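Trainee: Sharing a structure here in structure tokens format.
The values are calculated or read from the model by the stated rules, or taken from the named source; none is laboratory data. Just so it is clear, the model here is predicted, and its values are computed rather than measured. When we count neighbours, we look across all protein chains shown, and the Cβ atoms used for this are built from the backbone with ideal geometry, even at glycine. Protein only, heavy atoms only, side chains kept; ligands, DNA and RNA dropped before computing areas. Shrake-Rupley method; radii C 1.70, N 1.55, O 1.52, S 1.80 Å.
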Amino acid sequence: MKDRIREILSSVPSEKTIKAEGWVRTKRDSKNVCFLEVNDGSVVKGLQVVIDKASFNNDDLLSQVTTGTAVECSGKLVKSQGGSQAVELALEDLKIVGTCPSDYPLQKKRHSIEFLREIAYLRPRTNLIGAVMRVRSTLSYAIHTFFQENGFYYVNTPLITTSDCEGAGETFQVTTLDLDNVPKTKDGSVDYDKDFFSKKASLTVSGQLEGETYALALKNIYTFGPTFRAENSNTTRHLAEFWMVEPEMAFCDLEGDEETAEAFLKYIFSYVLEKCPEEMEFFDNFVLKGNIETLRHVIDSPFARMTYTDAIKELEKVNSQFDFPVHWGSDIQTEHEKYLTEVVCKSPVIVTDYPKEIKAFYMKMNEDGKTVRGMDVLVPRLGEIIGGSEREADYDKLLGRINELGLNPKDYWWYLETRRFGSVPHSGFGLGFERAIQYVTGVANIRDVIPYPRYVRSADF
Ligand code: 4AD
Ligand code: MG
């Protein structure tokens with residue numbers, strides 16, 4: 001493999017002629033010398049290429065080099081004369097690999113993040129999105145490393161399912177039926193027998209249910225894949241297609257789940273700080289001041305813990321400042337999550353033991369018969385980053401909850417069966433991968449931390 005600009009920039013000057021390939025970010029031309037900044041997307045700041053015009057003597061070729069042009073530069077790596085870089089390339093030979101006309105949208109000026117979203121196929125060539133996507137890649141490696149080194153197996157759960165994991169009905173249907181001519185049964189309902197799977201199917205909202213069956217066989221597992229939600233939420237933290245990391249542990253209660261979630265977040269945050277110092281410094285300078293210090297603080301101090309009931313007591317004290325005042329039983333919304341983590345705890349907080357009415361059917365019931373062993377991990381700025389729970393391991397109680405919520409036990413028959421054959425306490429959680437990237441980078445909108453965002457009324461590219 002050829003060296004990328006990242007490797008070239010960390011090399012020492014030498015008499016050997018080397019080659020650097022990339023796209024021209026900027027060109028500064030004067031009478032005797034021309035400077036190009038060439039970047040191949042492996043670094044925030046690219047390689048400075050210095051062209052001595054007298055010896056290069058090809059003004060015609062040089063005039064075709066514009067912002068966005070793909071080039072191959074040969075020359076010697078020398079100690080830089082300028083202050084802002086250690087080495088630069090003294091050009092000997094230049095090849096244009098791909099020309100770039102002047103209507104290239106990424107000219108030198110700063111572009112708004114909204115404009116960049118409209119040219120999502122080019123935006124990874126900007127410093128910001130390039131850095132975000134490198135961090136995204138590193139974070140994904142950190143996630144695999146944490147689990148692989150702690151005895152978890154990676155399980156690939158299906159993307160097409162016939163059971164709604166969260167029971168919230170926010171699914172995208174998958175069908176090969178002709179929508180202009182839908183086959184009907186005698187009673188007038190859709191004849192799913194004629195559909196591809198002979199039943200109603202959809203894209204998964206979570207791999208948890210299938211993940212549980214594997215934890216009940218391999219002890220500790222995790223999934224990491226795309227999930228889909230037809231939520232009509234037009235916010236800076238919701239996508240219709242997002243990636244979720246879902247560990248599941250057998251013989252583990254809610255306390256064990258909380259411990260794993262805290263250790264996991266701290267591990268992946270430190271990993272990125274260590275492996276992506278240049279990107280993290282860039283975000284700290286241009287996206288969110290003080291972000292690195294905040295992350296260090298989060299890594300070094302224990303997460304707060306609070307029951308839902310105590311959280312409501314705290315929130316009720318300041319109910320008048322919320323758009324949606326709370327009482328025991330109400331859902332905790334983003335404004336409340338932010339208050340709890342930013343004002344009350346001033347750190348990430350794990351809220352536990354929610355009323356059963358506002359949580360999914362699979363969560364283990366507490367002795368009080370009113371609350372369930374669920375947890376949400378809330379962080380400053382974003383609110384919920386992780387949702388998890390201890391699962392109901394008792395067959396009758398689980399069936400009772402499915403019926404109580406008006407779900408069809410037939411859709412969950414195989415899931416229920418695992419509670420008959422050697423059922424054990426088990427727990428897990430889901431981390432929204434894009435929310436983790438938002439948190440680490442400081443990027444405000446979730447649409448800018450995934451290559452091609454999908455949300456209500458938008459599935460371009
Ligand atoms: O809280 P949620 O809905 O939990 C589950 O799906 C469980 N099955 C997880 C489990 O216990 N295995 O979602 C988990 C996380 C949220 O905390 C949030 O970070 C993220 O997924 N998330 C979203 N991220 C982006 N866009 C959306 N529409 C999201 N919905 C949830
Ligand atoms: Mg949740």
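Trainee: Restricting things to alpha carbons, tell me how big the stretch 418-461 is in terms of Rg and Dmax, in Å.
Mentor: Rg then Dmax for the stretch 418-461, in Å: 17.4, 47.
Trainee: Sorted from largest down, give the three principal axis spans of the alpha carbons of the chain, whole angstrom values.
Mentor: 86, 57, 46
Trainee: What's the angle, to the nearest 10 degrees (0 to 90), between helix 127-149's Cα axis and the longest principal axis of the chain?
Mentor: Taking Cα atoms only, the helix is inclined about 50 degrees.
Trainee: May I ask for the angle, rounded to the nearest 10°, between helix 291-300 and the longest principal axis of the chain, with both axes built from Cα atoms and the value confined to 0 to 90°?
Mentor: Helix 291-300 and the main axis of the chain meet at about 50 degrees.
Trainee: Calculate the FRET efficiency for Lys2 and Thr236 from the Cβ-Cβ distance with a Förster distance of 30 Å, rounded to the nearest 0.05.
Mentor: 0.15
Trainee: Using a/c under 1.5 as the rounded threshold, could you call the stretch 1-144 rounded, prolate or oblate? The axes a ≥ b ≥ c are square roots of the C-alpha gyration tensor eigenvalues, and prolate needs a/b larger than b/c, oblate otherwise.
Mentor: In terms of gyration-tensor shape, oblate.
Trainee: Per-residue HN-Hα couplings for the stretch 265-273, Karplus 6.51 cos²θ - 1.76 cosθ + 1.60 at θ = phi - 60°, whole Hz, x for Gly and Pro?
Mentor: Values, residue by residue: 4, 4, 5, 6, 5, 5, 4, 5, 4 Hz.
Trainee: Please work out whether the stretch 285-340 counts as rounded, prolate or oblate from its C-alpha gyration tensor, where a ≥ b ≥ c are the square roots of the eigenvalues and a/c under 1.5 means rounded, while otherwise a/b larger than b/c means prolate and anything else oblate?
Mentor: Since a/c reaches 1.5 but b/c is at least a/b, the shape of the stretch 285-340 is classed as oblate.
Trainee: Starting from 0.36 nm per residue, how many nanometres of slack lie between Ser102 and Glu357 once their C-alpha separation is accounted for?
Mentor: Value of the extension gain: 86.0 nm.
Trainee: Within the stretch 87-141, report the chymotrypsin sites (Phe, Trp or Tyr not before Pro) that DSSP leaves as loop and that have at most 13 other Cβ atoms within 10 Å.
Mentor: Qualifying residues, ordered by number: Tyr121.
Trainee: Something else about it: Grab the beta carbon distance between Leu273 and Arg305, set R0 = 22 Å, and tell me the FRET efficiency rounded to 0.05.
Mentor: That gives a FRET efficiency of 0.35.
Trainee: Could you please put Arg447, Arg110 in sequence from largest to smallest accessible area, using a 1.4 Å probe?
Mentor: Listed by decreasing accessible area, they come as Arg110, Arg447.
Trainee: Relative contact order for the chain: what percent, with Cα pairs under 8 Å and sequence separation of 6 or more?
Mentor: Relative contact order of the chain: 13 percent.
Trainee: Just add up the charged neighbours of Phe147: K/R +1, D/E -1, any other residue whose Cβ is under 12 Å from the Cβ of Phe147.
Mentor: Here the charged neighbours net out to -3.
Trainee: Here's a follow-up. How about Lys19: which aspartates and glutamates have a C-alpha closer than 15 Å to its C-alpha, ignoring those fewer than 8 places off in the same chain?
Mentor: Asp3, Glu7, Glu37, Asp40, Glu72, Glu88, Glu92, Asp93
Trainee: For Lys410 and Asp59, compute 0.36 nm times the residue count separating them, minus their Cα-Cα distance, and round to one decimal in nm.
Mentor: The Lys410-Asp59 span can extend by a further 118.9 nm.
Trainee: Same structure, new question: Under a 5 Å amide H to amide H cut-off, with H placed in plane at 1.01 Å, what residues pair with Tyr455 once short-range neighbours are removed?
Mentor: Ala240
Trainee: For the stretch 318-451, give the magnitude of the charge dipole about the Cα centre (Cβ charges: +1 Lys/Arg, -1 Asp/Glu; no others), in debye to the nearest 20.
Mentor: The dipole magnitude comes to about 260 debye.
Trainee: Going 7 Å from the Cα of Ala70 along its beta-carbon direction, which residues of the stretch 11-47 have the amide nitrogen within less than 12 Å of the resulting point?
Mentor: In the stretch 11-47, the label zone of Ala70 (backbone N under 12 Å from the point 7 Å along Cα→Cβ) covers 21-24.
Trainee: Taking K and R as +1 and D and E as -1, what net charge do the other residues with C-beta under 13 Å from the C-beta of Leu378 add up to?
Mentor: For residues surrounding Leu378, the net value is -2.
Trainee: Another question, if that's okay. Test of understanding: what is the full-extension gain from Ile160 to Asp93, defined as 0.36 nm times their sequence separation minus their Cα-Cα distance?
Mentor: Extra length from Ile160 to Asp93 when fully extended: 18.8 nm.
Trainee: On a 25 Å Cα-Cα criterion, which of the cross-link pairs Lys45/Lys266; Lys194/Lys410; Lys31/Lys108 come out too long?
Mentor: Violating the 25 Å limit, Cα to Cα: Lys45/Lys266.
Trainee: Give the relative contact order (percent, whole number) for the stretch 41-193; include only Cα pairs under 8 Å separated by 6+ residues.
Mentor: For the stretch 41-193, the relative contact order is 18 percent.
Trainee: Okay, moving on. Could you list which residues have their amide H under 5 Å from that of Glu92, counting only those 5 or more apart in sequence or on another chain, with H placed in the peptide plane?
Mentor: Ser74, Gly75, Lys76
Trainee: A further question follows. Which of the peptides 186-193, 376-383 is most tightly packed, and how do the rest follow, judged by the mean count of other Cβ atoms within 10 Å per residue?
Mentor: 376-383, 186-193
Trainee: If one computes the Cα centroid of the stretch 245-275 and of the stretch 356-419, what distance in Å separates the two points?
Mentor: Cα centres, the stretch 245-275 to the stretch 356-419: 20 Å.
Trainee: With a sphere of radius 11 Å drawn around the Cβ of Val135, what net charge do the other residues whose Cβ falls strictly inside it have (Lys, Arg +1; Asp, Glu -1)?
Mentor: +1
Trainee: Relative to the longest principal axis of the chain, what angle (0 to 90°, nearest 10) does the C-alpha long axis of helix 208-218 take?
Mentor: 90 degrees
Trainee: Rank by packing, highest mean first: peptides 21-32, 268-279, with packing defined as the count of other Cβ atoms within 10 Å averaged across residues.
Mentor: With the highest mean Cβ count within 10 Å placed first, the list reads 268-279, 21-32.
Trainee: If I take the Cα coordinates of the stretch 63-184 and project them onto the principal axes, what are the three extents in Å, biggest first?
Mentor: Here the spans come out as 72, 48, 27 Å, largest first.
Trainee: Whenever you get a sec, compute what percent of the accessible area on the stretch 208-280 sits on carbon and sulfur atoms (1.4 Å probe).
Mentor: Ligands and nucleic acids excluded, carbon and sulfur reach 53 percent.
Trainee: Also, quick follow-up: Sort Thr341, Thr309 by heavy-atom solvent-accessible area, probe 1.4 angstrom, most to least.
Mentor: Heavy-atom accessible area, descending, gives Thr309, Thr341.
Trainee: What is the distance in Å between the Cα centroid of the stretch 319-341 and that of the stretch 182-197?
Mentor: Value for the Cα centre distance between the two parts: 44 Å.
Trainee: For a paramagnetic label modelled at 7 Å from the Cα of Asp368 toward its Cβ, which residues of the stretch 255-286 fall within the zone defined by backbone nitrogen distances under 12 Å?
Mentor: Correct set: none at all.
Trainee: With the convex hull built on the Cα atoms of the stretch 146-257, state its orientation-averaged projected area in nm².
Mentor: The directionally averaged projection comes out at 9.7 nm².
Trainee: Please give the calculated 222 nm ellipticity per residue for the chain, where each DSSP H segment of at least 4 residues contributes -39500 (n - 2.57) and the sum is spread over every residue; nearest 500 deg cm²/dmol?
Mentor: My calculation for the chain gives -8500 deg cm²/dmol from helical runs alone.
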